[in-house]
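Following: one structure in structure tokens, then a few remarks.
Laboratory data are not the source of any read-out in this text; all were calculated from the coordinates shown. Remember, predicted model here, so these are calculated numbers, not experimental data. Using ideal geometry, Cβ is built from the backbone for each residue, glycine included, and neighbour counts are taken over all protein chains shown.
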Amino acid sequence: MSAQHRKTLCFLFLPGLLASYSSTGIAANKSTFETAELRVSIAPRSPRQMAAFYEARGFTRPMLAKIKQYCFMTVYIRNKSSHIIWLDLNNWHFTSNNHPLNRINRNQLLKQWQSMGIPLAHQSTFRWTLLPEQLDFRPNEREGGNIVLPWTSAPINITARFERRHKHTGKAITMRLDNLQCTNNPS
């Protein structure tokens, strides 16, 4: 095969390869906020990725169908400081099209799973994969988990406040991330 032929094939297949990476959510729209004290990374996950993850753990079809309707954002947080930083998801605000986008919290999801008769083991596994509602991050501590939002095709903006406390005093750290995107259309 000639060099020109290989080059032509590369240009023909490259867009499809990049599209497949985007559709799986692999670094397609990862956003990072970082200061000297805190690092937060947020990566959208596709409905297909999330359903496959939970299907591998034996989740029922009705639960998988509901999961595919949501927008999942996987969050990783690291406290890089020498003091405690507080996570409280009540201090996280989401907007889309200049309107509030209300996060679907643990209690709402629990009520939904209970109303659907989802087995307790599956409810527990799902809850385990969520970002904690509140957590005190010790120096060098890391934590991750998912945030669940209503699915939207519009860009999502996130503003979050992390309290910096030493004996409950200290200035807050404010994070702003813009133009995050739910990955893929819901199935």
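Evaluating 6.51 cos²θ - 1.76 cosθ + 1.60 at θ = phi - 60° for every residue in the range 73-82, the Karplus couplings come out as 10, 8, 10, 10, 10, 9, 7, 8, 8, 9 Hz, glycine and proline recorded as x.
Here the calculated FRET efficiency for LYS80 and ALA121, from their Cβ-Cβ distance with R0 = 25 Å, stands at 0.10, rounded to the nearest 0.05. Sorting 176-183, 40-47, 115-122 by their mean Cβ neighbour count within 10 Å, with the most densely packed peptide first, gives 40-47, 176-183, 115-122. For a paramagnetic label modelled on THR152 (point 7 Å from Cα along Cα→Cβ), amide N atoms under 16 Å away belong, within the range 95-120, to 95-105. Taking a straight Cα-Cα cut-off under 18 Å and skipping sequence neighbours fewer than 8 places away in the same chain, the aspartates and glutamates within cross-link reach of LYS68 are GLU55. Highest mean packing comes first when the peptides 155-161, 140-146 are listed by Cβ atoms within 10 Å, giving 155-161, 140-146. Evaluating 6.51 cos²θ - 1.76 cosθ + 1.60 at θ = phi - 60° for every residue in the range 49-65, the Karplus couplings come out as 4, 5, 4, 5, 4, 6, 4, 5, 9, x, 5, 6, 4, x, 5, 4, 4 Hz, glycine and proline recorded as x.
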